[in-house]
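J.: This is the structure, below, for whatever I ask next.
The values are calculated or read from the model by the stated rules, or taken from the named source; none is laboratory data. If you're wondering where the values come from, they're calculated on a predicted model, not measured in any experiment. Every residue, glycine among them, receives a Cβ derived from its backbone with ideal geometry; neighbour counts consider all protein chains shown. Side chains are part of the model used for accessible areas, which takes the heavy atoms of the whole protein and leaves out ligands, DNA and RNA. Shrake-Rupley method; radii C 1.70, N 1.55, O 1.52, S 1.80 Å.
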Amino acid sequence: MNGTSNKVDKLKLYFIPLLVCIFLAATFVLMPSATAKEYISPTYEYTNNYYKAYGEPDIYASVLGDTEFERGETAQIRVMLSNKGVLYGFKSDTVVETSGNAHQLSLAELQYETQRTSAYGIKAHLVSSTDLIEVDTATNSKILDELLAGELSENPFVFTVTISENAPAGTYLLEMSLNYEYPKDVRMTAGESIILGMPNLDHATYYETVEQTIQIPVTIIPEAKFEVSSVSGNITAGSTDTLNITYTNIGELPAEDAVARLIMMQPLSTDRPIRSLGTMQPGESRTISFDIASDFQAVEKSYGIDSEIKYTDVDGEDAFSENMKVTVFLKQPERKVNVTGLALAGLVIMGIVLIIKNTRKNGSKKSNK
C-alpha cells in the first residue's frame, strides 16, 4: 500500500505542473492575434528585414461650403481630410531563395509594407492667430482613428468660429495642427516572438510620429459699417432742445440712401425720429440734428438713446447697421429768483397781516363797550 501511495504522490507531483503547462499553451493558442501596436515593438535582434518600402502618408484638408463670413457672425467650418500618400516602391534588404519559409516571410512582409502610407491616430487642433476670430474651445479638437491612402475622411471635422464685430475685412488664416503615426518599418519575427510571450505575432511594426500644420483661410467680407463719432447739444428737463449726432462710415464699402433713426423712451421723445444721411462713402462723416423733448420731472443723469442706420448696399439690397448707443446728459433747469414775484408775495402777506390786525382791533372795541 505504501508503494502504491508513493506512486500516486509522484504522479500528482508531475501531473499538476503538466496541466498548468497545457492550460497556458491552450491560452496562447486561443488568444486572438494581436497587432504590433498593442505591444512595445521588439528590438531588431528578434526580427528579420527583407524589404525597405518608400512612401508615407500625405494629408490634405479641404473645406466644405463657403468660408466667407460677416462681422459678428458665429458659423461652422467643415473640414474634410484626404490621404494622398503614394507608395513609390520597394528595395530588397535581404536576399532569399525563391522557395522555403524565408521566401514566404518575405512575401508576407511585402504585404505589410503596403500599409506604410496609412495614417493612424490622427489628432487635429484648430487655432486662430488673431483675437478677431475665436475658435470655440468645445469644438477645436478632433480625433480620427485612421485614414488609408487614397481615402477621404468619412465625416468632416466641424469647428465653430465667431467673428468679431470690429474685424476689418480681409482674409485670415486659421491653423489646424495634425499629429499622427504611420508604419515606417515592418520586420518579420521569424518565430522569435514566442520568446517575448507573443507567439502569434509574426511581424513587428515600428511607427513614426508626424506633426503637420494646415492653413484654413477665412474671409471676412467687406461692407459698410457705422459708428457714432460725436454727440453735441444740451438737453434740459421740461424743454425741447437740439441734439447734433455725427455718424461715420468706418467700413470698406459705400452706403447709398442711408437714413438714421433714433429709438428712445420716456422721459425723452422726438416728433421726427428719422433723418436722411444720403450716400456715405467709406471714411465719410455726416452730422444731422434731432429735436429732443424731455419731461420736466426727468431726473438729471445720462440717458442712452438707441440708433440704427438703414441703407442700400452695393448689391442693391436693403441693409441695417448694428445698434449704436447715443449717450446724452439731461440736466435740470437753473432756478432763478423772481424779484417781482417776491415783491407781490410780500404785498399780499402784508395785506393779510393788516386785515388780521384790524379785525382784532375792532373786536376789542366792541368788547369794551
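J.: Scan the strands (runs of 3 or more DSSP E) fully inside segment 31-98 and keep the ones with 2 or more residues being modelled with pLDDT under 75, open to solvent by 90 Å² or more (accessible area, probe 1.4 Å) and not polar (S, T, N, Q).
T.: Answer list for segment 31-98: none.
J.: Say we look at segment 269-298 and pick out the residues that are more than 13 Å from Ala255 (Cα to Cα) and of a type in the set (A, V, I, L, M); which of these is most open to solvent (accessible area, probe 1.4 Å)?
T.: If we take residues in segment 269-298 being more than 13 Å from Ala255 (Cα to Cα) and of a type in the set (A, V, I, L, M), then Ile274 is most open to solvent (accessible area, probe 1.4 Å).
J.: Identify all residues within segment 149-181 that are open to solvent by 50 Å² or more (accessible area, probe 1.4 Å) and part of a loop (DSSP other than H, G, I, E, B); write none if there are none.
T.: Correct list: Gly150, Glu151, Glu154, Asn155, Glu165, Asn166, Pro168.
J.: What's the number of the only condition in (1) open to solvent by 40 Å² or more (accessible area, probe 1.4 Å); (2) under 21 Å from Thr139 (Cβ atoms); (3) of a type in the set (Phe, Trp, Tyr) that Tyr112 fails to meet?
T.: It fails just one condition, (2).
J.: Return only the number of the condition from (1) open to solvent by 40 Å² or more (accessible area, probe 1.4 Å); (2) hydroxyl-bearing (Ser, Thr, Tyr); (3) in contact with a strand residue (DSSP E or B) (Cβ under 9 Å, 6 or more places away or on another chain); (4) more than 15 Å from Val218 (Cβ to Cβ) that Thr137 does not satisfy.
T.: The single condition Thr137 does not satisfy is (3).
J.: Scan (1) over 40 Å from the mean Cα position of the chain (by Cα); (2) over 11 Å from Ile235 (Cα atoms); (3) part of a strand (DSSP E or B) for the single condition Arg272 breaks and write down its number.
T.: (3)
J.: Something else now. Out of (1) within 22 Å of Val210 (Cα to Cα); (2) part of a loop (DSSP other than H, G, I, E, B), what's the single condition that is false for Tyr120?
T.: Every listed condition holds for Tyr120 apart from (2).
J.: Let me ask something else about it. Identify, from the list Ile216, Ile235, Ile245, the residue that is open to solvent by less than 30 Å² (accessible area, probe 1.4 Å) and either of a type in the set (Gly, Ala, Ser) or within 30 Å of Gly65 (Cβ to Cβ) (or both).
T.: None of the other options fit; the residue is Ile216.
Results for (1) open to solvent by 20 Å² or more (accessible area, probe 1.4 Å); (2) within 17 Å of Ser321 (Cβ to Cβ); (3) at pLDDT 95 or above; (4) among the acidic types (Asp, Glu), shown as yes or no for each residue.
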residue	(1), (2), (3), (4)
Glu256	yes, yes, yes, yes
Val259	yes, yes, yes, no
Glu300	yes, no, no, yes
Gly304	yes, yes, no, no
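J.: If you don't mind, there's one more thing I want to ask. I need the full set of residues from segment 258-298 which are closer than 24 Å to Ala169 by Cα and either among the charged types (D, E, K, R) or touching a residue at least 24 places away in the same chain (Cβ under 8 Å) (or both), in order please.
T.: Ala258, Val259, Ala260, Leu277, Thr279, Met280, Gln281, Pro282, Gly283, Glu284, Ser285, Arg286 - these are the residues of segment 258-298 that are closer than 24 Å to Ala169 by Cα and either among the charged types (D, E, K, R) or touching a residue at least 24 places away in the same chain (Cβ under 8 Å) (or both).
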